[in-house]
Each structure stands twice: as C-alpha cells, then as structure tokens.
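Here's the structure, in structure tokens; my notes come after.
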Amino acid sequence: MNAKEAPPEAAVDEGVEEEQEVEAPAAEVETSDDDQGIGARVTAVFTAAEKAGQHIVTLAREEAEDIRRQARAEAEAYQREQKLQADKEVQQIFSDARRKADAIEEEARIASRQVEDDARVRKERLREEARLIEERIAWAKEGLVEVNDRLEQVFLENEPLALQSETDSDS
C-alpha cells in the first residue's frame, strides 16, 4: 500500500513503520515522497474546508438576504394593511360625523321652523289682541261720546233752572 492510496492515518502509520525498518538513504527519499503526499492531502483538505466554509458563508448570506427581503415584504404588507384599516376607520369616522352633522342640521331646521311657527302664531295673536283693544277703545270712545252727549243734554235742560236759581239767589 502506498501513501497515495491509503487513508491519511494509514499513511502516517505506514510512514512510521518504514522509517523504523529501513534507515537507508533510499528510505529517506520514500519518506520525503510520503510527506509530500500527506502535505498535499492536508492542503487539499484545508482547501476543501475553506471552499466549504466560503460556500456556507455565501449560503448564509443569501439566506439572510432572503429573510431580510421576506421580512421587508411582510412589513410592507403589514403597513399597507394597517394603512387600509386606518383609512377605513377614518372613512367610518367621517361618515359618522357627517350623519351626526346632518342629524343636528335637521334638528336645527325643525327647531327653526318651530320657532318661526311659534313667532307667527304669537304675531297673529298679538295682532288679534291689538285689534280687540282697538275695538274696545273705539267702543269706549263711542260710549264716552254718548255720555258726553247725554251730559250736554242734561246740562242744557238744567241750564234754565240753573239760571233761574241764580237770578233768584241774586234777588
């Protein structure tokens, strides 16, 4: 079995045996070849490990970038969803406010009509009362005119008597 065909442990063990058995110059040349084969294998293992490590780092970076992209996409989707929800809530608030404003406006119209109706009724009542007062005043004037006329008649009828009593008292 030579060093190139044997697994690394076997090559090391085999190389140790060869050194112990043969101490001739030819053995040194073979040991040197075995050391170079082991060194090449170790270098190949390190190179493969470095490549595997680089590959793992590359895969990890790609996976991290994928996770970052996915998280960003989910965050944007969540943000859009929250914005839509907020927009719906704003629309609902505006709708409620508009309904309340319309209801208040309608109540104000009704109250305004009621005040106008009450004012119109009061105005009519005041006009009627003023008309009745004017009628009473006119009736009272007529009554006073009649009283005045009667008093004048009474004075005129009693005037000759009053003149006679004055002449009688003068005499």
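The values are calculated or read from the model by the stated rules, or taken from the named source; none is laboratory data. Since we're looking at a predicted model, the values are computed, not measured. Ideal geometry is used to build each Cβ from the backbone, glycine not excepted, and the neighbour counts take in all protein chains shown.
This table checks each residue for (1) hydrophobic (A, V, I, L, M, F, W, C); (2) under 50 Å from the mean Cα position of the chain (by Cα); (3) part of a helix (DSSP H, G or I).
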{"site": "Ala97", "(1), (2), (3)": "yes, yes, yes"}
{"site": "Glu105", "(1), (2), (3)": "no, yes, yes"}
{"site": "Glu116", "(1), (2), (3)": "no, yes, yes"}
{"site": "Ala119", "(1), (2), (3)": "yes, yes, yes"}
{"site": "Leu126", "(1), (2), (3)": "yes, no, yes"}
{"site": "Glu129", "(1), (2), (3)": "no, no, yes"}
{"site": "Gln153", "(1), (2), (3)": "no, no, yes"}
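Condition test on Ile56, is it modelled with pLDDT of 70 or more, surrounded by 10 or more Cβ atoms within 10 Å (Cβ to Cβ) and touching a helix residue (DSSP H, G or I) at 6+ places or on another chain (Cβ under 6 Å)?
Working: modelled with pLDDT of 70 or more: yes; surrounded by 10 or more Cβ atoms within 10 Å (Cβ to Cβ): yes; touching a helix residue (DSSP H, G or I) at 6+ places or on another chain (Cβ under 6 Å): no.
So Ile56 fails the test.
Test Gln20 against the criterion of being modelled with pLDDT under 95, in a helix (DSSP H, G or I), loosely packed, with under 10 Cβ neighbours inside 10 Å and not hydrophobic (A, V, I, L, M, F, W, C), and give yes or no. So that I can check it myself, show each step before the final result.
Details: modelled with pLDDT under 95: yes; in a helix (DSSP H, G or I): yes; loosely packed, with under 10 Cβ neighbours inside 10 Å: yes; not hydrophobic (A, V, I, L, M, F, W, C): yes.
Spelling it out, Gln20 is indeed modelled with pLDDT under 95, in a helix (DSSP H, G or I), loosely packed, with under 10 Cβ neighbours inside 10 Å and not hydrophobic (A, V, I, L, M, F, W, C).
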